[in-house]
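In what follows, a structure is listed as structure tokens, so that the remarks can point back to it.
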Amino acid sequence: MTLVSAGYRAVRRTGELVSISECVAEVHDDWFRDLSLARQTGLDVLEVGFLPDEAEPIVREIIADGWTRETSAVVGRIEEGASTSGELLGFELVGYDGGLWHTWRCLDGLVDDVRAATGVVPGRHGLIESEDAAHQAARWLTESGLGDPKVFDWAAAALYVP
């Protein structure tokens with residue numbers, strides 16, 4: 001499957017868990033279009049990739065919040081169709097809500113709900129290792145409505161070390 005880059009996220013990795021969500025990790029406020037600018041934060045940098053059809057509803061939510069291609073690295077990079085690169089760590093189930101990125105780990109019991117319904121479980125780094133399984137889990141989580149009222153649309157974010 002072809003993934004598009006949503007840009008770079010600067011995070012402080014502590015321990016084994018890797019995440020782009022402010023709920024469970026220390027992250028820089030901004031997303032970056034440019035890798036060198038992300039590295040200037042002094043934090044670890046992850047490139048984030050999405051399937052275009054999973055990214056589409058999230059991009060609509062970001063735009064509804066008043067962001068544009070010019071003001072949002074995520075919207076701009078996805079609309080450009082930039083390719084992802086680097087060492088793939090795995091996939092994190094994420095969704096967007098009012099300027100925050102949530103993960104399936106921060107909303108009570110979603111990891112267990114996904115496991116019970118799909119058999120998909122996190123592996124190394126707390127990420128899903130199989131791309132197919134990650135997209136299956138994201139579809140199920142969106143259809144379940146269990147992220148309501150915070151997250152309606154879930155995506156399997158591919159996390160890379162550039």
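The values are calculated or read from the model by the stated rules, or taken from the named source; none is laboratory data. The structure displayed is predicted, hence computed values, not measured ones. Every residue, glycine among them, receives a Cβ derived from its backbone with ideal geometry; neighbour counts consider all protein chains shown. Note: accessible area is taken over every heavy atom of the protein model, side chains too, but ligands, DNA and RNA are not part of it. Shrake-Rupley method; radii C 1.70, N 1.55, O 1.52, S 1.80 Å.
Please give the length that would be gained between residue 1 and residue 143 if that part of the chain were fully extended, namely 0.36 nm times their separation in residues minus their C-alpha to C-alpha distance (nm, one decimal). If you can, show how the numbers build up before the last one.
Numbers: separation 142, 0.36 × 142 = 51.12 nm, distance 2.11 nm.
Extra length available between residue 1 and residue 143 comes to 49.0 nm.
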inquiry  = If you take P(r) over Cα pairs in 10 Å bins from 0, in percent from the coordinates, which of (i) 9, 22, 23, 16, 13, 9, 4, 1, 1, 0; (ii) 10, 40, 36, 12, 1; (iii) 11, 44, 37, 7, 0 do you get?
reply    = (iii)
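At a 1.4 Å probe radius, carbon and sulfur cover how many percent of the accessible area of region 1-62? Mind showing how you got there, number by number?
Values: 1360 of 2920 Å².
Summing carbon and sulfur atoms, their accessible area is 47 percent of the total for region 1-62.
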ask   = Karplus couplings for region 59-65 from phi (6.51 cos²θ - 1.76 cosθ + 1.60, θ = phi - 60°), rounded to Hz, Gly and Pro as x?
value = 4, 4, 5, 5, 5, 4, 7
request  = Treat each spin label as a single point 7 Å out from the Cα along the C-beta direction, and report the residue 43 to residue 70 distance in nm.
outcome  = 2.6
request  = Output the relative contact order of the chain, whole-number percent, from Cα pairs under 8 angstrom with separation of 6+ residues.
outcome  = 30
